[in-house]
1. Once amide H atoms are placed 1.01 Å from N in the peptide plane, what residues at a sequence separation of 5 or more from GLY95, or on another chain, have their amide H within under 5 Å of its amide H?
2. Could you tell me how many degrees, from 0 to 90 and to the nearest 10, lie between the Cα long axis of helix 17-27 and the main elongation axis, the longest principal axis, of the Cα atoms of the chain?
3. What's the percent breakdown of Cα-Cα distances in the chain across 10 Å bins, shortest bin first?
4. On a straight-distance basis, which aspartates and glutamates could pair with LYS98 in a cross-link, Cα separation under 13 angstrom, same-chain partners fewer than 8 positions away excluded?
5. Could you tell me the center-to-center distance, by alpha carbons, between region 16-88 and region 101-126 in angstrom?
6. Before rounding to the nearest 500, sum -39500 (n - 2.57) across all DSSP H runs of length at least 4 in the chain and divide by the residue total; then give [θ] at 222 nm in deg cm²/dmol.
7. Any chance you could give the angle, 0 to 90 degrees and rounded to 10, that helix 52-74 forms with the longest Cα principal axis of the chain?
8. Plugging the Kirkwood radius over Cα pairs into Stokes-Einstein for region 52-127, at a temperature of 10 °C and a viscosity of 1.306 mPa s, what D comes out in µm²/s?
Amino acid sequence: MWEAGARLARVVKPITQRRIADYAEASGDFNPIHLDDEFAAGAQFGRTIAHGMLVAASISEMMSASFGLDWRSSGRLKLRFKAPVFPGDTVTAFGEVKEVAGADVVCAVGVRRQTGEDAITGEARVTLRREP
């Protein structure tokens with residue numbers, strides 16, 4: 001049974017340039033900011049960055065581990081992308097139950113870089129199946 005204040009199991013992921021390239025292949029997003037060192041050197045962050053949704057996927061992995069099929073069938077995310085994630089970073093998805101109202105569970109979620117900086121913050125909602 002979930003209750004307010006319960007912490008979700010964290011998910012830790014290393015972000016490598018290989019993982020970014022693999023995500024580009026899977027998603028079809030070949031923006032040079034993710035893949036081209038020379039292009040990225042002249043862009044805002046000075047080097048390649050991970051796709052935001054690649055980083056956000058760790059939140060979904062955490063929610064799936066915590067809520068199983070309920071997350072897959074009813075999960076919803078509202079996210080704010082706050083900071084870039086670079087190759088070589090290690091990110092940690094974290095979450096805490098903020099509210100339980102009947103079958104609905106609301107969690108504060110995020111992804112933090114190893115520097116302590118939040119790359120993503122937001123909210124996840126899931127509806128738990130009721131037993132007959």
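What follows is calculated from the coordinates using simple rules that are stated; it is not laboratory data. Note that this is a predicted model, so its numbers are computed, not measured.
1. Here LEU8 satisfy the definition.
2. 70
3. Result returned by the calculation: 13, 40, 29, 14, 4, 0.
4. Here the aspartates and glutamates satisfying the reach criterion relative to LYS98 are GLU3, GLU123.
5. 16
6. For the chain, the value works out to -10000 deg cm²/dmol.
7. The two axes meet at around 20 degrees.
8. Working: Rh = 12.5 Å.
Rounded to a whole number, D works out at 127 µm²/s.
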